[in-house]
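Chemist: For reference, the structure I am asking about is given below.
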Amino acid sequence: MADERLKGMDHSEVHYFNSYNHHGIHEEMLKDEVRTRSYMNAIVQNKHLFKDKIVLDVGCGTAILSMFAVKAGAKHVIGVDMSTIIEKAKEIVEVNGMSDKITLLQGKMEEVELPFPKVDIIISEWMGYFLLYESMLDTVLYARDKYLVPNGLIFPDKATIFMAGIEDGEYKDEKIGFWDNVYGFDYSPLKQTALTEPLVDTVEIKAVVTDPTAVLTLDLYTCTTADLAFAIPFTLDCRRDDFVHAIIAWFDIDFTACHKPIRFSTGPHTKYTHWKQTVFYLRDVLTVQQGEQIRGVLENKPNDKNRRDLDVKISYQLVTDDSMRQAEGSCEYKMC
Ligand code: SAH
């Protein structure tokens with residue numbers, strides 16, 4: 001906090017950057033093999049794209065992506081990070097003999113002065129829970145608009161949010177139903193609070209009742225910060241007769257510029273990542289039959305007070321001919 005650079009920044013921003021000071025969070029990200037290996041393959045297997053290029057690593061952390069870029073033949077890499085981890089990154093780059101190829105700058109991407117007016121490629125790992133929570137995509141878009149040459153490349157360049165309905169009665173009882181009877185007392189005021197907080201957790205594939213549906217694709221070459229506030233209709237096709245207690249969301253990430261496009265997913269059908277999935281419990285339990293649809297709208301916008309928090313709203317309707325099972329509603333969530 002004694003850092004001059006943190007002066008004038010609001011509390012939530014200071015808290016955000018401080019959370020990246022400690023090596024533990026970087027350990028978690030580096031050990032996420034799906035994440036880090038996808039970036040490694042996307043960069044190192046595409047030397048024809050990186051050779052002799054000027055590369056900008058937005059939010060470089062421990063400089064892992066910067067070092068991949070040097071391995072891929074980049075002429076020079078600039079890494080920018082606000083957190084103090086960058087001091088360690090400088091040592092890491094030094095012990096790996098890459099100091100002449102990588103320039104590391106501590107500061108906010110939006111404020112630092114780069115040693116090059118333009119860059120050929122931007123690399124960044126900016127994704128948060130539910131893709132957009134605490135996300136620094138705004139920062140990547142800022143860097144794109146200010147520094148990327150026309151026809152420059154962005155790694156990764158595509159992100160897609162998916163949704164599905166899940167059966168999760170047992171856990172919902174444990175997390176939400178718990179407040180109905182706490183040592184004989186009615187704790188329902190806390191039940192509302194519990195419902196409005198999405199849960200970041202791993203979901204077993206066998207809990208998934210509907211087909212996964214892509215709801216939003218962001219093209220990083222063209223999207224703007226305005227696209228990060230949206231209301232999008234979705235349709236979930238029910239695969240089997242079951243109950244639906246919650247809707248989950250996850251994202252896939254694409255590096256389409258690669259010679260052989262590289263993609264990784266953070267969904268329930270594939271290997272664990274530290275992003276897990278995000279679970280939005282519904283107020284009702286939907287009783288669904290195979291072939292029926294859950295239709296709804298996913299709304300998301302950055303919170304007015306703290307842009308890194310999200311206000312999410314899910315409206316839903318079970319489309320069925322059975323009047324006994326008809327259900328519709330909406331829930332508002334806050335990710336903070
Ligand atoms: N690239 C590293 C770290 C990714 S985590 C890796 O892949 O392992 C994201 C990093 O971006 C954090 O270290 C955070 O401090 C930094 N960051 C986020 N927003 C930033 C901004 N506006 N300016 C500078 N650094 C930022």
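The values are calculated or read from the model by the stated rules, or taken from the named source; none is laboratory data. This one's a predicted model, so the numbers in the text were calculated from it and none came from an experiment. Note: ideal-geometry Cβ built from the backbone for every residue, glycine included; neighbour counts use all protein chains shown. Side chains included, ligands, DNA and RNA excluded: accessible areas come from the protein's heavy atoms. Shrake-Rupley method; radii C 1.70, N 1.55, O 1.52, S 1.80 Å.
Chemist: In region 118-131, which residues are closer than 24 Å to Cys258 by Cβ, of a type outside the set (D, E, K, R) and assigned to a loop (DSSP other than H, G, I, E, B)?
Modeler: Trp126, Met127 - these are the residues of region 118-131 that are closer than 24 Å to Cys258 by Cβ, of a type outside the set (D, E, K, R) and assigned to a loop (DSSP other than H, G, I, E, B).
Chemist: Please find, within region 133-157, the residue that is farthest from Ile54 (Cα to Cα) out of those that are within 12 Å of the ligand (Cβ to nearest atom) and among the polar types (S, T, N, Q). Break it down into steps so the answer makes sense when it comes.
Modeler: So the first thing to find is which residues in region 133-157 are within 12 Å of the ligand (Cβ to nearest atom), and the list is 134-143, 155-156.
Checking which are among the polar types (S, T, N, Q) leaves us with 135, 139.
Numbers: Ser135: 25, Thr139: 19 Å.
For region 133-157, the residue satisfying everything is Ser135.
Chemist: Here's another thing I want to ask about it. Return yes when Ile122 is hydrophobic (A, V, I, L, M, F, W, C), without any contact (Cβ under 8 Å) to a residue 40 or more places away in the chain and open to solvent by less than 30 Å² (accessible area, probe 1.4 Å) and no when it is not.
Modeler: Taking the combined requirement at face value, the residue does not satisfy it.
Chemist: Something else about it: Evaluate the following for Val140: is it open to solvent by 40 Å² or more (accessible area, probe 1.4 Å), hydrophobic (A, V, I, L, M, F, W, C) and touching a residue at least 40 places away in the same chain (Cβ under 8 Å)?
Modeler: Values: open to solvent by 40 Å² or more (accessible area, probe 1.4 Å): no; hydrophobic (A, V, I, L, M, F, W, C): yes; touching a residue at least 40 places away in the same chain (Cβ under 8 Å): yes.
Against the criterion (open to solvent by 40 Å² or more (accessible area, probe 1.4 Å), hydrophobic (A, V, I, L, M, F, W, C) and touching a residue at least 40 places away in the same chain (Cβ under 8 Å)), Val140 does not qualify.
Chemist: Further question on the same structure: Taking helices (runs of 4 or more DSSP H) that fall entirely within region 1-82, which contain at least 3 residues that are surrounded by fewer than 22 Cβ atoms within 10 Å (Cβ to Cβ) and free of Cβ contacts under 8 Å to residues at least 24 places away in the same chain? Spell out how you get there, then give the answer.
Modeler: Working: elements: 11-19, 23-31, 33-44, 47-50, 64-71.
In region 1-82, 11-19, 23-31 are the helices (runs of 4 or more DSSP H) which contain 3 or more residues that are surrounded by fewer than 22 Cβ atoms within 10 Å (Cβ to Cβ) and free of Cβ contacts under 8 Å to residues at least 24 places away in the same chain.
Chemist: Could you check how many residues of region 83-117 are assigned to a strand (DSSP E or B) and hydrophobic (A, V, I, L, M, F, W, C)? Step through it out loud before you land on a result.
Modeler: First, the residues of region 83-117 that are assigned to a strand (DSSP E or B): 102-106.
Those still in the list that are hydrophobic (A, V, I, L, M, F, W, C) too: 102, 104-105.
So the answer is 3.
Chemist: Something else now. Which residue, of Gly291, Gly329, is small (Gly, Ala, Ser), surrounded by fewer than 16 Cβ atoms within 10 Å (Cβ to Cβ) and in contact with an Asp or Glu (Cβ under 7 Å, 6 or more places away or on another chain)?
Modeler: None of the others qualify; the one that does is Gly329.
Chemist: In this structure, does Ala226 turn out to be free of Cβ contacts under 8 Å to residues at least 12 places away in the same chain, within 22 Å of Asp311 (Cβ to Cβ) and among the hydrophobic types (A, V, I, L, M, F, W, C)?
Modeler: Yes; evaluated as a whole, the condition is true for this residue.
Chemist: Kindly state which strands (runs of 3 or more DSSP E) lie completely within region 207-286 and contain at least 2 residues that are crowded, with 20+ Cβ neighbours inside 10 Å and of a type in the set (Phe, Trp, Tyr).
Modeler: Because the criterion is at least 2 residues that are crowded, with 20+ Cβ neighbours inside 10 Å and of a type in the set (Phe, Trp, Tyr), the strands (runs of 3 or more DSSP E) in region 207-286 that meet it are 242-255.
Chemist: Are there any pairs, at least 6 apart or on different chains, whose C-beta atoms fall under 7 Å, with the first in region 318-333 and outside any strand (DSSP E or B) and the second open to solvent by 100 Å² or more (accessible area, probe 1.4 Å), and if so, which?
Modeler: That search, which allows pairs on different chains as well, returns Thr320/Gln326.
Chemist: Considering each residue of region 90-132, count those that are hydroxyl-bearing (Ser, Thr, Tyr), within 14 Å of the ligand (Cβ to nearest atom) and within 24 Å of Arg5 (Cα to Cα), and give that number.
Modeler: 1
Chemist: Regarding region 158-175, can at least one residue be identified that is assigned to a helix (DSSP H, G or I), away from the ligand (no atom under 16 Å from the Cβ) and buried (at least 20 other Cβ atoms within 10 Å of the Cβ)?
Modeler: Yes - at least one qualifying residue is present in region 158-175.
Chemist: With respect to Lys301, is the statement that it is of a type in the set (Lys, Arg), surrounded by fewer than 17 Cβ atoms within 10 Å (Cβ to Cβ) and at pLDDT 95 or above true?
Modeler: Yes; evaluated as a whole, the condition is true for this residue.
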